[in-house]
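Beneath this line is the structure, given in structure tokens, with notes to follow.
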Amino acid sequence: MDLLEKCRAYVQADEARDAGRYPYYPAFQGPADGGKAILEGVEVCMLGSNNYRALNVSPQVIGAVQDAIALYGTSATGSRLLSGNLDLHEELEADLADFFGYEAALVFATGYMTNLGVVSALVGRGDVVYLDDKAHASLIDGSQLATASGAVVRWFGHNNPDDLARQLAATPTQSVLVATDGVSTVEGELAPVAELVAVCEEYGATLLVDDAHGVGVLGRGRGVIEQAGMQGRVPLMTLSFSTSLASQGGAVLADAKTIDFLRHTSRPQIYSAGLSPADTAAAHAALREIRRRAGSEPDALAAAEHLRRALDALGYDVGGSSSPVIPVRFPDQIAMLSAQSILIDHGVYTNAVLPPACEGYQLRIACTDAHTPYALEGVIGVFASLREDLLPRYRQAA
Ligand code: PMP
């Protein structure tokens, strides 16, 4: 059979388009600021980004990018191993290690590649990786890659250290990696880092926390590990620059020997070009800003708390997160997709998330430092009429 037959037979996206409920690849025409965006020529309140600190429009970050391009041009021009390593990368790595309290750091081209490259390089024949049930796709894919070199992948219940402990107790002595998100991407819940550390230390397992959604926001900017008081107790931490660091890229933090091993063995690091000068400079400038603001609580947290309480009071099922991310659960796919498109029509952009990225049907809301109380009042008003009037009417008509 023709290999591309499956593409011609793929109808799901067309069906959603025909029903007017296709939620993906909206083309934004630029951010007005970190809390707004322009969609089809109309300004919307942007509640669907990971731009928690709104640093993508910071004059310091933009200025650093302009300086880097003027000096280094637009590309790293090759793999860091051979010709694409810049002093900019090494300066960023030194500051990341210093800020997060690790001996060393290694910068990758994306957060996804960081997890892929770390897990697949560290785990192989004779090793087991235990993944949290809701671990990010990049940790799952890194583990899948590791199975090609003989690793075994197992799962433990989401944020359930007791389940992990039970399974580790039953595992004969093997070298074990335990990997989890620090803050779950869709639900916004915090991982029980202290409990996971205790279990891993008891059973001699190595813990990796991917704190893509905690850095810059929680723990005075240092993330969920610092918030849990576990600095120095989590051997591997990964992060993405595409969230609070307002850029592209990612990094792993660990002891110096582990980082040196990864520099020379991690295939996504070796066989892909270094992060561009602009992205490296943006992440570094954003890190400096986060460090400078470490004394005050990010506005994104207060905004999310306010919005979560208001949506809860309106009768929405919003779970119990304590991060800038709020899941809003709907009974079925049609209700969720209809809600998303009605919200857009009323100037509010949220993310539609379907299985397997989450259980059930959820809109994912994420607040940033740029969401003013005034903007949030408008959003709450739209959610109030969505529940009382718009969605019931829409469903009757459907
Ligand atoms: N880890 C987690 C938990 C994520 O949510 C994401 C995506 N935001 C990534 C890793 C991948 O990050 P990036 O966008 O830098 O590839």
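Residues of segment 37-52 being surrounded by 14 or more Cβ atoms within 10 Å (Cβ to Cβ), more than 16 Å from the ligand (Cβ to nearest atom) and either more than 17 Å from residue 383 (Cα to Cα) or not assigned by TED's automatic domain parsing to the domain that holds residue 350 (or both), which ones?
Those that are surrounded by 14 or more Cβ atoms within 10 Å (Cβ to Cβ), more than 16 Å from the ligand (Cβ to nearest atom) and either more than 17 Å from residue 383 (Cα to Cα) or not assigned by TED's automatic domain parsing to the domain that holds residue 350 (or both): 37, 38, 39.
Tell me which residues, restricted to segment 324-345, are at pLDDT below 95 and either part of a loop (DSSP other than H, G, I, E, B) or of a type in the set (D, E, K, R) (or both).
329, 331, 332, 345
Out of all the residues in segment 127-137, is one or more in contact with a helix residue (DSSP H, G or I) (Cβ under 6 Å, 6 or more places away or on another chain) and surrounded by fewer than 19 Cβ atoms within 10 Å (Cβ to Cβ)?
No, segment 127-137 has no match at all.
Within segment 272-291, restricting attention to residues that are of a type outside the set (Val, Ile, Thr), touching a Phe, Trp or Tyr at 6+ places or on another chain (Cβ under 9 Å) and more than 19 Å from residue 77 (Cβ to Cβ), which residue is most open to solvent (accessible area, probe 1.4 Å)?
By that ranking, first place goes to 291.
Going by the structure shown, is residue 86 modelled with pLDDT of 95 or more and out of contact with any His (no Cβ under 6 Å at 6 or more places or on another chain)?
On the way: modelled with pLDDT of 95 or more: yes; out of contact with any His (no Cβ under 6 Å at 6 or more places or on another chain): yes.
In short, yes.
For segment 77-167, give me every one of the strands (runs of 3 or more DSSP E) that falls completely inside it and has 1 or more residues that are within 16 Å of the ligand (Cβ to nearest atom) and aromatic (Phe, Trp, Tyr). Show your work before the answer.
On the way: elements: 104-108, 127-132, 152-156.
Those strands (runs of 3 or more DSSP E) span 104-108.
Please verify whether segment 301-309 includes one or more residues that are assigned to a loop (DSSP other than H, G, I, E, B), in contact (Cβ under 8 Å) with a residue 24 or more places away in the chain and either in the same structural domain as residue 227 (by TED's automatic domain parsing) or open to solvent by 20 Å² or more (accessible area, probe 1.4 Å) (or both). Step through it out loud before you land on a result.
Step one: of segment 301-309, the residues assigned to a loop (DSSP other than H, G, I, E, B) are none.
Among the residues of segment 301-309, not one is assigned to a loop (DSSP other than H, G, I, E, B), in contact (Cβ under 8 Å) with a residue 24 or more places away in the chain and either in the same structural domain as residue 227 (by TED's automatic domain parsing) or open to solvent by 20 Å² or more (accessible area, probe 1.4 Å) (or both), which makes the answer no.
For segment 72-90, does any single residue satisfy the condition of being within 20 Å of residue 222 (Cα to Cα), open to solvent by 40 Å² or more (accessible area, probe 1.4 Å) and not polar (S, T, N, Q)? Steps first, answer last, please.
First pass over segment 72-90, keeping only residues within 20 Å of residue 222 (Cα to Cα): 89-90.
Narrowing the set further to residues that are open to solvent by 40 Å² or more (accessible area, probe 1.4 Å) leaves 90.
Restricting the remaining residues to those that are not polar (S, T, N, Q) gives 90.
Yes, because at least one residue in segment 72-90 is within 20 Å of residue 222 (Cα to Cα), open to solvent by 40 Å² or more (accessible area, probe 1.4 Å) and not polar (S, T, N, Q).
Scan segment 315-333 and tell me whether some residue there is open to solvent by 10 Å² or more (accessible area, probe 1.4 Å), among the aliphatic types (A, V, I, L, M) and outside the structural domain of residue 158 (by TED's automatic domain parsing).
First, the residues of segment 315-333 that are open to solvent by 10 Å² or more (accessible area, probe 1.4 Å): 315-317, 319-320, 322, 329-333.
Narrowing further to those that are among the aliphatic types (A, V, I, L, M): none.
No, segment 315-333 contains no residue that is open to solvent by 10 Å² or more (accessible area, probe 1.4 Å), among the aliphatic types (A, V, I, L, M) and outside the structural domain of residue 158 (by TED's automatic domain parsing).
Within segment 358-389, how many residues turn out to be at pLDDT below 80 and farther than 29 Å from residue 184 by Cβ?
Selection size over segment 358-389: 1.
The values are calculated or read from the model by the stated rules, or taken from the named source; none is laboratory data. Here the structure is a predicted model, which is why all the values come from computation and not from measurement. Every residue, glycine as well, gets a Cβ built from its backbone with ideal geometry; the counts of neighbours run over all protein chains shown. Heavy atoms of the whole protein, side chains included, go into the accessibility calculation; ligands, DNA and RNA do not. Shrake-Rupley method; radii C 1.70, N 1.55, O 1.52, S 1.80 Å.
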